[in-house]
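Before any comments, here is the structure.
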């Protein structure tokens, strides 16, 4: 008897997953441990392994398997695998090799020029490269295909089924609520937020963060925690998932929140069903859904009142001296301080989505409406003033701050905020099932959060679409409403002086 | 104009080297940092990448390149590349895939059984597996081909051009000198060797070792030092070479000597000519030559009198308390204490080669003379008594101590001692060129040692054979004489009471 096509697809998929894990290790090592002069060789190793992976994903034998499996009797799970494999295959073969090469060459050059432009705070240096990148992304959209708008094809790479239209709807709903909320917070007489100052040693911060990660469900037998310039999570396999953080010895919160966020990503990867490793059902659903897991942990748990009721006494025990005059409520408010700033990655929970919305609006205009690149700086500053009530004094603090465009990434930014919207929907469902969630958090019990997420999200891999899964979980139509409601309720308590219509 | 075959070989070789470096990173991570549950996935990643590498090395396009390059006008360097590539290709295609699979399956089973047998100190458990492994190695020799003895084919995998006959000649010469030397040391009234005791903290040991590695020429911009169960060195590229060590807080020497030894290996890898990366001229010559570099550093430099004249004051500054009553001479003697022990990896400079000779004699008898496996324990103990004047009380401390046979490795052991013989030849040439070497060592200057080795050995890659290169450097016929002379002269000074005919 010859092998069923679906089973040979699984064998090929397994190989691709193993190779992909090896690539992740090379990347992880590059960011954490690699000696600096190893960089050029590492770039060549990564290019080679990526091209071998691409060959695997586009091999004739894989294509034939996809065609033959269509005619086989398949379980629902296998049908979902086939559907997603076809999606992946279409994307993998859509771009001609010559285009991929031009894209890689242009972005590698753009990265250097962006660094210089940012250094000099001179957008005009970067503008010609950004022109090229926009034009290449439009071409990319044409190769990939789309129904309504070219930007949809780019969005779909990171968030399947997301479109310019449905993101616009979501983001307009956010603006309508968040812009007034921020204005209200800005205009109110600030609640006094005594700032947390002192020396918080690296070792103690790391030890405390490890303890929290373990309480969340992260196992150091299946993962690691290391230091890197930017915190990230990578996974080689559900049993080998690695997170990083960074430490500022003047700030007891950044490292911990980094660890909680990345542990949220890691628990998703660890929680994927191992028996489906190498298939789409063993892969995370989307960038947005990934971000929903990390943001759920970071904002709904780690920045919540009951969490600090449980953990602040432990933190105070770890850092008795610098925290001696800070009470729990003051500390909680300081963790959740809202203040408009120029830099997205430093933004708080209320202003962050506005940074993302601004980028989405500019990106989709560049791609869909051929907005001239030269208008970016003024539009950026205009939107900053309108949404955040501050104006960047220069482009370094404005439209040159993010690396994404120089890497050729367009359509990626919205997933940050989609993650927050998804997290809100999930959080409501979670609270329905665990009405005593806050009482349990107050006892520093976190295990049930991961257990809930695992059952609700992790175990399904890519079986369902994001919105489909969220509606299955919440049993209501998907919208931005739970997110805006959550923000308003939380920050009305933190800034009791504000009035919202 | 079409590409020259030699250039397309170089492109293929470069890819193989990049992939091989990725495999080395996966292996390094496995031994140093990988979370324990990642092991099963790592084994699958390594198997996949190794099979992709094997495909590259045996690809039809590579074979054609070898044939076509024969007809091209080549520089001497390119001729050497072609010669070595043909050697590698022959070995890569010699073994039928079914045989390779049987070999892998058998040794994977053998490893488990060996662990159990060693645990229980019961050779009879391991004997049936060893039978299989010997028989598979004989088959392997037949596939690879040889002129005189089947064991020659196995030796050639680790030490090109080594044969049973020429190793027998060398090792007989060693026995003739070292066995009486050891007997003399054993029978003399021991020079009092006050033992070095106390607590030597992990951090301070590591810091001291790093300092010595840097003085040797190791750059932490091109490499790393980490901890692992067994010290080793691995290289991804001349600019990314990593060593490990282990630390016993009761012993100030083991960690340092491990670091000096592995740094010797690392400097070889770092010193390979980068412009030949991906070709045989960018690869180390042989296992024996690699070991010659590490042993040169460890024994001729790190365990030498002038080294400790320079470094003992620094060590004493690092560990003032435990070393307060130990003077420099006493410390030096303690570093070079000779004492027959059962375990090879714990052996000193005088007894180590005898351990290796014993293994060589048994291995070659198993392969060449069909020595029955069941005779191994008694022969082992007989030879231990004859060469080292001690008899293992059980097989755990005797013929079951080493992992090599269970991994299928036969023909590997002799390279440890070849390395020492090579090192002696190199050391004489080095002293000729640097008659003031000891004075410079006394000032803790080590840089000139690496410079000399680099020019003499590293830069040539695999251009010359081992013996050819040694004779070029020393300008005399290669023999074991420099090694035995070195041992006798050094240890007559350390044990002044001994008399040698």
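Bear in mind that the values in this text are calculations on the coordinates, not laboratory data. Worth saying up front: this structure is predicted, and the values here are computed from it rather than measured. A quick note on method: Cβ atoms are made from the backbone with ideal geometry, for glycine too, and the neighbour counts reach across all protein chains shown.
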I'd like to compare B:368-374, A:346-352: which one has the highest average count of other Cβ atoms within 10 Å, and what's the full order after that? A:346-352, B:368-374
Please work out the C-alpha center-to-center distance from region A:324-346 to region B:435-495 and express it in whole Å. 64 Å
Using a 10 Å cut-off around each Cβ of peptide A:82-91, what is the average number of partner chain Cβ atoms that fall inside? 0
What nm distance separates the two modelled labels at residue B:93 and residue A:72, each placed 7 Å from Cα along Cα→Cβ? 3.5 nm
Residue span residue B:337 to residue B:165: 0.36 nm per residue of separation minus Cα-Cα distance leaves a gain in nm of 58.7 nm
How many partner chain Cβ atoms sit within 10 Å of a residue's Cβ in peptide A:38-49, on average, as a whole number? 6
Efficiency by 1/(1 + (r/R0)^6): what FRET value for residue B:195 and residue B:451, r their Cβ-Cβ distance, R0 = 30 Å, to the nearest 0.05? 0.25
Going 7 Å from Cα along the Cα-Cβ axis for the label, what nanometre distances separate residue B:346 from the same residue across the other copies? 5.8
Mean Cβ-within-10 Å packing, highest first, puts peptides B:218-225, A:359-366 in the order A:359-366, B:218-225
tail above 60 Å in the computed P(r) of the protein assembly as shown, as % of all Cα-Cα pairs, reads 20 percent
Residue-span extension gain [residue B:7 to residue B:147] - 0.36 nm each, minus C-alpha spacing: 47.1 nm
At 222 nm, what value in deg cm²/dmol follows for chain A if DSSP H runs of at least 4 each add -39500 (n - 2.57) and the sum is divided by all its residues, to the nearest 500? -20000 deg cm²/dmol
Restricting things to alpha carbons, find the Rg to Rh ratio for chain A using the Kirkwood radius for Rh. 0.95
From the label point of residue B:172, set 7 Å from Cα along Cα→Cβ, how far away are the matching label points in the other copies, in nm, ordered shortest to longest? 9.6
Whole-number percent relative contact order across chain B, with pairs defined as alpha carbons under 8 Å at least 6 apart: 21 percent
What distance in nm separates the two pseudo spin-label positions at residue B:220 and residue A:389, each 7 Å out from Cα along the beta-carbon direction? 4.9 nm
For region B:238-284 and region A:365-406, compute the distance between their C-alpha centroids and round to whole Å. 50 Å
Measuring nothing but label to label, 7 Å from Cα along Cα→Cβ, what are residue A:199's distances to the other copies in nm, shortest first? 2.4
For peptide B:11-23, how many partner chain Cβ atoms fall within 10 Å of a residue's Cβ, on average? 3
I'd like the distance separating the alpha-carbon centroids of region A:112-174 and region B:122-196, in whole Å. 65 Å
Order B:151-157, B:131-137 from most to least packed using the mean count of other Cβ atoms within 10 Å. B:151-157, B:131-137
Compute from the Cα atoms of region B:224-310 the Rg and the Dmax, the latter being the longest Cα-Cα distance, and quote both in angstrom. 13.9, 44
Expressed as a rounded percentage, what relative contact order does region A:1-94 have, with Cα pairs under 8 Å and six or more residues apart? 43 percent
